[in-house]
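Here is the structure we will look at, set down as structure tokens.
The values are calculated or read from the model by the stated rules, or taken from the named source; none is laboratory data. These figures come from a predicted structure and were not determined experimentally. Methodologically, a virtual Cβ is constructed for each residue, glycine included, from the backbone with ideal geometry; neighbour enumeration extends over all protein chains shown.
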Amino acid sequence: MPWLAGTALIHALAVTDKRGGFKGWTVLLALSAFSLSLLGTFLVRSGVLTSVHAFAADPGRGLYILAFLCLVVGGSLVLYSIKASKLKTFVSFSFNSKEAYVLYNNVALVCACSGVFIGTLYPLFADVLDWGKYSVGAPFFNFFFVPLTLILLAILGVGQWIYWKDHDFSGLKGRLAIVAIASFIVGLITNVLFANVINVPVILSLSLCYWVLAWGVLDIKQRLRNKPNKLLGLVTLPRSYIGMHIAHLGLLMVVLGVAVTSQYSIEQDVRLSEGESHEVGDYRFTFVRLRDVPGPNYMAAQGLVRVERNGELVANLTPEKRTYRVQKMPMTEASIDGRFTRDIFVALGEPFDDGSWAVRLHYKPMVRWLWLGSLVMAIGGALAISDRRYRLRVKSAASAFNEKVVA
């Protein structure tokens with residue numbers, strides 16, 4: 001939730017910086033992002049939310065965080081209501097301007113954040129008010145996120161290219177159609193080459209990613225159109241501008257990773273004895289052997305699984321079932337062969353009386369793009385905030401403050 005609100009805040013700040021608009025909205029987003037981060041801390045530290053991501057339950061600490069949350073949120077909203085009238089701005093812009101597209105972007109992000117907020121807290125409120133026990137899972141969040149993400153990509157594509165204040169779309173219709181058709185064709189070809197099937201969600205996601213990428217390239221090309229040396233001009237572009245495009249590229253990587261992994265992942269639980277094989281997609285998994293392996297503080301049953309593709313060895317994976325001396329419950333230690341375009345995952349389940357084992361086999365294409373995309377977004381954000389003009393503004397603001405103090 002704070003990530004979504006913070007992303008909306010960053011885009012709203014761009015309008016405040018360039019045009020002096022959205023001041024009140026920007027302040028409200030800043031308050032929301034910080035308040036939601038405190039809310040997340042309360043949920044995982046207090047024990048009110050049962051999750052694998054939650055820490056040990058500590059009602060005392062949770063009560064302290066809740067009191068601090070109420071103080072921060074209540075106090076900030078009171079101050080905002082008092083000072084809101086001074087944040088009014090009268091900046092005019094059309095519906096076909098960069099300001100308007102940032103506003104559309106903010107609406108999509110806030111709606112996504114609201115969906116997560118409702119899905120996370122509704123079961124808690126329902127339990128407190130004796131409305132019954134509810135569990136909100138992946139279908140609810142997918143219902144919110146999938147269409148909003150696609151809308152966000154459609155807005156992001158053309159929104160990064162158009163002008164501030166107003167943009168004449170009459171001469172842009174032909175280019176819009178060309179980019180849209182080309183993005184769809186390239187997305188279709190990419191999907192067929194990758195999976196050799198027609199998958200509408202993946203094709204739509206790929207097409208919109210190519211749509212955003214194409215408009216980003218056109219935007220950079222427009223920036224460099226008057227530069228005699230294009231390469232030198234690219235290097236000398238502002239860091240905030242380059243960071244923006246890198247962050248958008250990271251977002252596209254995350255979207256591609258989510259789309260491909262969700263549609264093309266294969267997960268199977270099989271029963272294998274030593275020497276037996278099972279095929280998952282294009283990969284053949286052979287349970288070679290099982291042996292006992294001592295560890296520093298545990299004893300493990302370690303399997304050796306040979307993974308082949310088209311008769312060629314891909315990896316030898318060694319999943320384990322560990323029993324630690326300090327506890328009797330066995331722990332599963334999966335074995336993963338991770339590559340840039342896919343992960344292969346093998347885990348041992350429980351043994352059967354005949355000596356065979358339950359084995360979990362996973363094939364997850366492009367799952368690492370989720371984490372790499374997040375890293376690329378972080379790099380883009382760090383590059384953007386390192387822009388020289390922001391440091392100059394801080395120095396000038398500090399100088400003005402010192403002059404007032406001396407006076």
Open item on the list: Tell me which helices (runs of 4 or more DSSP H) are completely within region 168-285 and hold 2 or more residues being touching a Gly at 6+ places or on another chain (Cβ under 8 Å) and surrounded by 14 or more Cβ atoms within 10 Å (Cβ to Cβ), or say none if there are none.
Closed with: 200-223, 239-264
Open item on the list: I'd like the full set of residues that are at pLDDT below 85, loosely packed, with under 10 Cβ neighbours inside 10 Å and of a type outside the set (A, V, I, L, M), limited to region 297-328.
Closed with: Asn297, Gly311, Gln327, Lys328
TODO: Take region 30-54 and flag every residue that is modelled with pLDDT of 85 or more, within 19 Å of the chain's Cα centre (by Cα) and not polar (S, T, N, Q).
DONE: Ala33, Phe34, Leu36
Open item on the list: Quick check on region 346-401: of everything there that is among the β-branched types (Val, Ile, Thr) and over 20 Å from Leu304 (Cα atoms), which residue is modelled with the lowest pLDDT?
Closed with: Val394
Open item on the list: When you check Leu272 against the structure, is it touching a residue at least 60 places away in the same chain (Cβ under 8 Å), under 26 Å from Leu156 (Cβ atoms) and not β-branched (Val, Ile, Thr), yes or no?
Closed with: no
- [ ] Would you mind telling me which numbered condition in (1) over 30 Å from Cys209 (Cβ atoms); (2) in a loop (DSSP other than H, G, I, E, B); (3) in contact (Cβ under 8 Å) with a residue 24 or more places away in the chain Leu66 fails?
- [x] (2)
Task: Unmet criterion (only one of (1) of a type in the set (Val, Ile, Thr); (2) over 23 Å from Ser94 (Cβ atoms); (3) modelled with pLDDT under 85) for Val192 - done: (3)
TODO: Being in contact (Cβ under 8 Å) with a residue 12 or more places away in the chain and not in a helix (DSSP H, G or I) is the filter; apply it to region 92-136 and report the residue that is nearest to Ala33 (Cα to Cα).
DONE: Val136
Task: Some residue of region 143-162 being crowded, with 16+ Cβ neighbours inside 10 Å, within 17 Å of the chain's Cα centre (by Cα), within 26 Å of Trp25 (Cβ to Cβ) and among the aromatic types (Phe, Trp, Tyr) - done: yes
